[in-house]
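Novice: The structure that follows is given in the form of structure tokens.
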Amino acid sequence: MILITGGAGYIGSHTVLNFLKDNYDVLVFDNLETGHIETIEELKKAGNVTFEKGDLRNIEDIDRVFEKYHIETVIHFAAFALVGESVVEPAKYYRNNTVGTLNLLDTMVKHNVKSIIFSSTCATYGEPQYTPIDEKHPQNPINPYGASKLMVERIMSDYDAAYGLKSVKLRYFNVAGCDTQGRVGEWHEPETHLIPNILKSVFGEGKTFKIFGDDYQTPDGTCIRDYVNVEDLAQAHKLAYLWLKKENRSEVFNLGTENGNSVKEVFDACEKVLNQKINVEVAPRRPGDPATLYANANKAKSELHWNPERTLEHSIDTAYKFEQKLQKLK
Ligand SMILES: NC(=O)c1ccc[n+]([C@@H]2O[C@H](COP(=O)([O-])OP(=O)(O)OC[C@H]3O[C@@H](n4cnc5c(N)ncnc54)[C@H](O)[C@@H]3O)[C@@H](O)[C@H]2O)c1
């Protein structure tokens, strides 16, 4: 059985669907703090999913699950992921993302489960010294969220040396889009990501969409990011799982499309996909936003044979359909 922590959340739920498609038995462990029971209900319709509610900060909750089920591998998404909040409430991030993961790793060692795929982030790199960013780029996170994830990466390397626990750390860039069939999607409250926020403004939430800064050193003056589709990302987890089974060694991979898109380009693409004008205004820059961030993902392409193929337009289209579904729940 494959244990997926955070499987009731955005990226976790898409990865559950990807594994179910190939008839794996999946166990989801989630405290539903930012995830949703409705997502679990959708997953259950798609295949053999067991759900256990529990909290990583409670080691007894994890131990209970490892006692009860035969777990082969862990895919670990559960974490808090709001950069701004992490600056205001650092303890919340270190306790959940770092200590919570430490609890998980200790329980794995105790139960002799020796492989894990981990959701890391490009936020571990901090201010880019060069782009595209490869895995060798120095890691100097500029916020507690990135630091809480970098600590986990280091703990995982130490747990490999000490206990032979093998890990694949996947450093995602900006994740976008939703399940093509509309079963699950991006459902964050509050939402801080660009595409769902542009789309929410269409439904009158916030009414006018704000671009933070149009005076960056980029061709159109707005920030450039790398938007990787969530279903492509889910597929990378499957490939990483198969790779780890075969190679049995720890590694790190960037996951991005290697294409930068500016905020303005994403906004224009939203107007095109929706075929309507969206109100927009330019606001001052936000502190800590680098001008350009995009991945060199050659390593994932050559080692994992990962081939991200879905377009930005596809991500926007699926995100819009899921947003329509969310609006009906209100
Ligand atoms: N969304 C992105 O663009 C992005 C980019 C880089 C990295 N990541 C990482 O990917 C992972 C998933 O992100 P997401 O956007 O799907 O977030 P999400 O909030 O949608 O999902 C996280 C899930 O983990 C659960 N969870 C959190 N703390 C828990 C705990 N202590 N015990 C049990 N369950 C807990 C939540 O209830 C939720 O279902 C995170 O680790 C995040 O740091 C996300």
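Novice: To the nearest 20 debye, what charge dipole does segment 1-110 have about its Cα centre, counting +1 at the Cβ of each Lys and Arg and -1 at the Cβ of each Asp and Glu? Provide the component values of the computation, followed by the final result.
Specialist: Details: 10 positive and 17 negative charges, 17 e Å.
In debye, rounded to 20, segment 1-110 gives about 80.
Novice: Please express the shape of segment 79-135 as an equivalent ellipsoid: the semi-axes are the square roots of 5 times the eigenvalues of the C-alpha gyration tensor, given largest first in whole angstrom. Present the calculation step by step, with values, prior to reporting the outcome.
Specialist: Values: eigenvalues 133, 67, 9 Å².
Each semi-axis is the square root of five times an eigenvalue, giving 26, 18, 7 Å.
Novice: In segment 280-311, which trypsin sites (Lys or Arg not before Pro) fall in coil by DSSP and have 16 or fewer other Cβ atoms within 10 Å?
Specialist: Arg285
Novice: Subtracting the Cα-Cα distance from 0.36 nm times the residue separation, let me have the gained length for Ile142 to Asn112 in nm, one decimal.
Specialist: Working: separation 30, 0.36 × 30 = 10.80 nm, distance 3.50 nm.
7.3 nm is the gain from fully extending Ile142 to Asn112.
Novice: Can you tell me what the convex hull of the Cα atoms of segment 160-234 projects to on average, as an area in nm²?
Specialist: In nm², the orientation-averaged hull projection of segment 160-234 is 8.7.
Novice: Also, quick follow-up: At a threshold of 8 angstrom on Cα-Cα distance, excluding pairs fewer than six apart, so keeping six or more, what relative contact order does segment 1-90 reach in percent?
Specialist: 37 percent.
Novice: Express the Stokes-Einstein translational diffusion coefficient of segment 30-143 in µm² s⁻¹, to the nearest whole number, given a Kirkwood radius over alpha-carbon pairs, 37 °C and a viscosity of 0.692 mPa s.
Specialist: 203 µm²/s
Novice: Within straight cross-link reach of Lys92, meaning Cα distance under 25 Å, which lysines are found once same-chain residues fewer than 8 apart are removed?
Specialist: Lys53, Lys149, Lys169
Novice: Which value at 222 nm does the chain reach when only helices count, each DSSP H run of 4 or more adding -39,500 (n - 2.57), with the total divided by all residues and rounded to the nearest 500 deg cm²/dmol?
Specialist: Result for the chain, helices only: -12500 deg cm²/dmol.
Novice: Between Pro90, Pro144, Pro287, find the one with the highest GNM mean-square fluctuation for the chain; connect C-alpha pairs within less than 10 Å.
Specialist: Its mean-square fluctuation being the largest, the pick is Pro287.
Novice: Ok, one more. Taking a quarter of the surface of the convex hull around the Cα atoms of segment 176-330, what do you get in nm²? List each step's numbers first, then the result.
Specialist: Values: hull surface 41.7 nm².
With the hull built on Cα positions only, its mean projection is 10.4 nm².
Novice: Moving on to the next point. Mind grabbing the base-10 log of I(q)/I(0) for the chain at q = 0.07, 0.10 Å⁻¹? Debye formula, identical points on the C-alpha positions, no solvent, two decimal places.
Specialist: Taking Cα atoms of the chain as identical point scatterers yields -0.26, -0.55.
Novice: Something else: Under a Cβ-only charge scheme (Lys and Arg +1, Asp and Glu -1), can you give me the dipole magnitude of the chain about the Cα centre, in debye to the nearest 20? Walk me through the numbers before you get to the answer.
Specialist: Details: 38 positive and 47 negative charges, 57 e Å.
Charge dipole, the chain, about its Cα centre: 280 debye, nearest 20.
Novice: Let me ask something additional. May I ask what percent, to the nearest 5, of DSSP beta bridges between residues of the chain are antiparallel?
Specialist: Approximately 5 percent, going by the DSSP bridge assignments.
Novice: Over all distinct alpha-carbon pairs, what is the Kirkwood Rh of segment 262-323 in angstrom?
Specialist: On the way: mean 1/r = 0.0688 Å⁻¹.
The Cα-based Kirkwood calculation yields 14.5 Å.
Novice: Here is a further query. Please list the non-local residues whose amide H lies under 5 Å from the amide H of Phe51, H modeled 1.01 Å from N, same-chain partners needing a gap of 5 or more.
Specialist: Val28
Novice: If you don't mind, another one. Which percent of Cα-Cα pairs in segment 37-78 sits in each 10 Å bin, short to long?
Specialist: 23, 52, 25
Novice: Label Asp158 and His70 with points 7 Å out from Cα along Cα→Cβ: what is the distance between them in nm?
Specialist: Between Asp158 and His70, the label points sit 3.4 nm apart.
Novice: Right, next: Which of the trypsin sites (Lys or Arg not before Pro) found in segment 115-185 are loop residues per DSSP with 13 or fewer other Cβ atoms within 10 Å of their Cβ? Write out the running numbers ahead of the final one.
Specialist: On the way: sites: Lys136, Lys149, Arg154, Lys166, Lys169, Arg171, Arg183; in loops: Lys136, Arg183.
Those that pass, being in a loop and sparsely packed, are Lys136.
Novice: May I pose another question? Compute the distance in nm between two label points, each set 7 Å from the Cα along the Cα-to-Cβ direction, one at Arg95 and one at Lys325.
Specialist: Using points 7 Å along Cα→Cβ, the separation is 3.3 nm.
Novice: In segment 215-263, what trypsin sites (Lys or Arg not before Pro) fall in a loop by DSSP, with at most 13 other Cβ atoms inside 10 Å?
Specialist: Arg249
Novice: Next question, about the same structure. In what sequence do His188, His76, His305 fall when counting other Cβ within 10 Å, fewest first?
Specialist: His305, His188, His76
Novice: Rounded to the nearest 0.05, what FRET efficiency do Tyr130 and Asp25 give with R0 = 45 Å and r taken as the Cβ-Cβ distance? Could you check?
Specialist: Details: r = 43 Å, r/R0 = 0.96.
Result of the calculation: an efficiency of 0.55.
Novice: Please provide three numbers in whole Å: the alpha-carbon extents of segment 1-94 along the principal axes, with the largest listed first.
Specialist: Its Cα atoms span 42, 26, 20 Å along the three principal axes.
Novice: Amide H of Arg171: which non-local residues (sequence gap of 5 or more, or other chain) have their own amide H closer than 5 Å, using H built in the peptide plane?
Specialist: Counting only residues 5 or more places away or on other chains, the set is Ser120, Phe253, Asn254, Leu255.
Novice: Also, quick follow-up: Between segment 14-57 and segment 128-184, how many Å separate their Cα centres?
Specialist: One Cα centre to the other: 22 Å.
Read the figures in this text as sums done on the coordinates, not as results from a lab. Predicted, not measured: the structure shown is a model, and the values here were computed from it. Every residue, glycine among them, receives a Cβ derived from its backbone with ideal geometry; neighbour counts consider all protein chains shown.
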